[in-house]
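Single-structure report; data block below.
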Amino acid sequence: MDKKQAEERIKYLRETTSYHAKKYYDDDNPEISDFEYDMLMNELKNLEKEYPEFITKDSLTQKVGGTVKEGFEKVIHEVPLQSLQDIFNFDDLKDFDVRIRKSAQEFNEELKYVVETKIDGLSVSLEYKNGEFVRGATRGDGQVGEDITENLKTIKNIPKKLTENVDIIVRGEVFIGKEEFEKLNQEREVLGETLFANARNAAAGSLRQLDSKITASRPLDIFIFNVQKSDTIQFNSHYESLKYMKKLGFNVVPIFNLCNNINQVIKEIEKIGDNRENISFGIDGAVIKVDNLELREEIGVTYKTPKWAIAYKYPPEQKETILKDIVCQVGRTGVITPMAILEPIKLAGSTISKTTLHNEDFIIEKDLKIGDHVIIKKAGDVIPEVVEVVKEKRTGEEKDFEMPKFCPVCGEPAIRNPGESATKCIGIECPARNLRNIVHFASKSGMDIDGLGYAVIEQLLENNLIQNIADIYYLKQEDIEKLKKNGKKFASNLINAIEESKNNNLDKLICALGIQHIGTKSAKILARRYKNIDNIMKASYESLTYVDDLGEITANSVHEFFSQEQTHDLIKRLKEAKVNMKLIEDENTDERFLGKTFVLTGTLEKYTRDEASDIIEKFGGKTSSSVSKKTSYVLAGDEAGSKLTKAQSLGIPVITEAEFEEMIK
C-alpha cells in the first residue's frame, strides 16, 4: 500500500483497537475474540513500525488499554504494571532471543529464561506492610489503577498475613477456574440472568463491583507471578523469587520452569500447549521472562512493555469434520438450542463430537445442512465453534434442518416471538426447565418464600421431595428436616414461610409463574384488570391486547401460557393447597399520586426499585421505564445515567430519595 493508504489504515486500526480495548478492559464485555483483537494489534504495530511518522500518543501500541472506573479511588502504582508484547510463532521467539543476547552480551553465560502459563484473568497488585495486606489495585492504564482492597479481601487465596514480616508489592492474576465458571453460568441461567461470555469477563466484572458482597459471591481465585518491589529482601533470580513467594504463603502460578536456552523454551511452550485442556484454569498463551533480575535492568523497558519478557499466544486450531446430525436441547430457561453432532475429531488437545449451533439464525447465516463438511475451531481455547461450511464438498445428499414446533422434552408448543432469536418451550412443568421455574417461583419477586433458595431447591429435587412448583405446598416438616444436620428449626421456619406465602396477593402469584415478558409491574396490571386467576385464564387474546401497558407480544405470551394443559393442572393443585387466587383490594384511600407518572433511575439507598414502585402505586401513581414529556417526576439515586440527563433536558422535576420520603410521609 502507498503512504496515504497506510495512514488511513493506521487511523482505522487505532480507532478499532481503542473501541475493542474499552469493551475488553473497562466494560468486561468483548465483542471479538482475543485472537481477532491480537491480529488487529499486530497489523497496527507492523504498519507503525513501517511508517513511524503516523504514530500518535493515543495509539494502544504506546499505552495499556484500561482506565479507572468511576466509584473507585485511584492508586498510582509505585512500579508500573506493564503489558507484554505478543508473538505468534517460534521465528519471532528466536528473534527475541537474539535481541536479548545482543543487548546484554556480558551476561550470556548466565542467560536463562522462565516459562510460565499466561493466565486469562484480571491483573492486580497486592501491597504488604510488615507482612500485613494493606492495599490492592487493578492494573488500570498501567500507571494508575483502581483501589479494590475490600473486594480482594473476599478472595480466600489472598493471604491477609504473610509468614514473614516483610514489606513487599506483588503482582498476580485474578481468575475463575473452568469448572467454577461453568457452575456460575449454570446458576445464572437458572435464575434467568445474563450469562457471562467467558471466565475472564466474569472475573473482571466480579472484581470491579462497587459492592464487595457481590464479589464475595463469585468463585474468584488468584495466582501470583511477580515481585514488583521489596524493601526488605533482594533477589537475583525471578525463578527464586517465585519459590520465595510460595514460602510467604502466596498462591503462586503453578506452572513455571527454568530453561537454559531458547530451544528448551520452545519445548516447554509446546508441552504447555499440548496439556492446556487438562489445566484447570484458562490460559491464552505462555510467558517467557529473563530470569536474571540484574540482566533485566540492563535490558530495560519501554513505556508500555518490558523488553526482557514476551508472550507467546497459541493460535486457535481449526479442523474439518462432518456435521452428522442436528439435535435440540432444552435449557433451564426453556430455550431450545440446536446442537451439532459431529464426526469426532481431536482439536486443541480434546476430542470434539458436538457443539452448540446457538439458534435458528446461526444455522441460516452459516447455511448449514445435515451431512455438510464443516470447519471447527476452538474459540478462546474452551468452546468449539463451527466456522464455515466446505461447500465444494457438497454431494446433494445433504438435508435442511428445521427448528421443532413442539418441545422435544414435554411436547408443549415451541414458540419464537418477533424480534427474538431464541425458540422457547412454554411448558410450566417441562422437566428441562423445572429448577429455574421453581427458583423463580420462590424468589423475592415471586412468592417470596424466605429460606427457599437455589441450594435448598436443588436438594429437594435431588431427594425427590418435589418435582414441580405445586409440590412446594405439600412438603412435610419431617422431610425437610433430613436435608440438614439439626434441621428441625430450619424445617419449621421454611414450612411457616411456605404457609405465609399462600396469603400473597394475586399479582405475586402471577409474577411467580414465570410467564414470559411478565414482571412485577405487568403482573399488577393483570391482577387489577381481571381480579382473579380464573378470569385471566378465560381471557381471549383480543381482550388482553386492550389492557393498558401490555402490548401484543405480552398479550400473546399470557394467552399462550394459560392455554396449556400443564398450566391448568398447576393452578388446580395450587388452589387445592389453598394458595390465594384473588386480588386483595388495598383499603388505602390516599391517592396523592393519582395521575402522576414516576421514572426511577440509579441506585436508591433505602428502597429497591420494586419497593419504591409499590409505594408510588399504593398512592395511586404509575411508574414508567422511559422518560417523556408525560413524566411527572424522575426519582434519581446514585449513578443515575441517561434518564437523568434526558429529564434535565426536558425540564422534568428530578427528586432525590430524601425528597421522595418527604412526599410519602
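The values are calculated or read from the model by the stated rules, or taken from the named source; none is laboratory data. Just so it is clear, the structure is predicted and the values come from calculations on it, not from any experiment. Methodologically, a virtual Cβ is constructed for each residue, glycine included, from the backbone with ideal geometry; neighbour enumeration extends over all protein chains shown.
Looking across segment 440-468, just one residue is at pLDDT 90 or above and aromatic (Phe, Trp, Tyr), and that is 441. Residues in segment 113-124 that are of a type in the set (S, T, N, Q) and touching a Ser or Thr at 6+ places or on another chain (Cβ under 8 Å): 123 alone. Out of the residues in segment 192-243 that are crowded, with 16+ Cβ neighbours inside 10 Å and among the β-branched types (Val, Ile, Thr), state the one that is nearest to residue 22 (Cα to Cα). That would be 215.
Yes/no per residue for (1) at pLDDT below 90; (2) in contact with a strand residue (DSSP E or B) (Cβ under 9 Å, 6 or more places away or on another chain); (3) not in a loop (DSSP other than H, G, I, E, B):
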| site | (1), (2), (3) |
| --- | --- |
| 631 | no, yes, no |
| 643 | yes, yes, yes |
| 646 | yes, yes, yes |
| 652 | no, yes, no |
| 659 | no, yes, yes |
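With respect to the conditions (1) in contact with a Lys or Arg (Cβ under 8 Å, 6 or more places away or on another chain); (2) outside the structural domain of residue 105 (by TED's automatic domain parsing), residue 300 falls short on a single one, namely (2).
Applying the criterion of being surrounded by fewer than 18 Cβ atoms within 10 Å (Cβ to Cβ), of a type outside the set (Ser, Thr, Tyr) and touching a helix residue (DSSP H, G or I) at 6+ places or on another chain (Cβ under 7 Å) to the residues of segment 142-165, the residue that is nearest to residue 116 (Cα to Cα) is 164. Going through segment 273-296 one residue at a time, which ones are under 30 Å from residue 105 (Cα atoms) and basic (Lys, Arg)? Within segment 273-296, 289, 296 meet the criteria.
Scanning segment 430-455 for residues that are surrounded by fewer than 18 Cβ atoms within 10 Å (Cβ to Cβ) and over 23 Å from the mean Cα position of the chain (by Cα), which turns out farthest from residue 502 (Cα to Cα)? The extreme case among them is 431. Please verify whether segment 477-491 includes one or more residues that are touching a helix residue (DSSP H, G or I) at 6+ places or on another chain (Cβ under 8 Å), surrounded by fewer than 18 Cβ atoms within 10 Å (Cβ to Cβ) and under 21 Å from residue 618 (Cα atoms). No - not one qualifying residue is present in segment 477-491.
Evaluated against (1) outside any helix (DSSP H, G or I); (2) under 28 Å from residue 178 (Cβ atoms); (3) hydrophobic (A, V, I, L, M, F, W, C), residue 235 falls short on exactly one condition, (2).
No other residue among 36, 31 is modelled with pLDDT under 80, in a loop (DSSP other than H, G, I, E, B) and not assigned by TED's automatic domain parsing to the domain that holds residue 151 apart from 31.
Of the helices (runs of 4 or more DSSP H) lying entirely inside segment 465-545, not one contains at least 1 residues that are out of contact with any Cys (no Cβ under 6 Å at 6 or more places or on another chain), among the aliphatic types (A, V, I, L, M) and not assigned by TED's automatic domain parsing to the domain that holds residue 452. The condition of being of a type in the set (Asp, Glu), touching a helix residue (DSSP H, G or I) at 6+ places or on another chain (Cβ under 8 Å) and within 28 Å of residue 608 (Cα to Cα) holds for only one of 429, 458, that being 458.
In segment 238-258, the residue that is nearest to residue 153 (Cα to Cα) out of those that are assigned to a strand (DSSP E or B) and under 33 Å from the mean Cα position of the chain (by Cα) is 252.
Those strands (runs of 3 or more DSSP E) of segment 363-431 in which 2 or more residues are of a type in the set (Lys, Arg) occupy 373-379.
Residue pairs, Cβ under 7 Å, 6 or more apart or interchain, first in segment 517-541 and touching a residue at least 24 places away in the same chain (Cβ under 8 Å), second among the charged types (D, E, K, R) and part of a helix (DSSP H, G or I). List them. Correct list of pairs: 520/610; 524/507; 524/617; 527/507.
Considering 487, 411, 451, 396, the condition of being of a type in the set (Gly, Ala, Ser), free of Cβ contacts under 8 Å to residues at least 60 places away in the same chain, under 25 Å from residue 343 (Cα atoms) and out of contact with any Gly (no Cβ under 6 Å at 6 or more places or on another chain) is satisfied by 396 alone. Looking at residue 279, is it assigned by TED's automatic domain parsing to the domain that holds residue 164, surrounded by 17 or more Cβ atoms within 10 Å (Cβ to Cβ) and not polar (S, T, N, Q)? Yes, satisfied. Which ones in segment 520-555 are surrounded by 17 or more Cβ atoms within 10 Å (Cβ to Cβ) and of a type in the set (Gly, Ala, Ser)? Answer for segment 520-555, where residues must be surrounded by 17 or more Cβ atoms within 10 Å (Cβ to Cβ) and of a type in the set (Gly, Ala, Ser): 522, 523, 527, 539, 555.
Of all residues in segment 607-622, exactly one satisfies the criterion of being surrounded by fewer than 19 Cβ atoms within 10 Å (Cβ to Cβ), modelled with pLDDT of 85 or more and β-branched (Val, Ile, Thr), namely 615.
Mind checking which residues of segment 616-647 are in contact (Cβ under 8 Å) with a residue 60 or more places away in the chain and over 21 Å from residue 664 (Cβ atoms)? Within segment 616-647, 639 is the sole residue that qualifies. Restricting segment 646-665 to residues that are surrounded by 12 or more Cβ atoms within 10 Å (Cβ to Cβ) and among the polar types (S, T, N, Q) leaves a set whose member that is nearest to residue 592 (Cα to Cα) is 656. Residue 422 falls short on exactly one of the conditions (1) at pLDDT 85 or above; (2) over 30 Å from residue 179 (Cα atoms), and that condition is (2).
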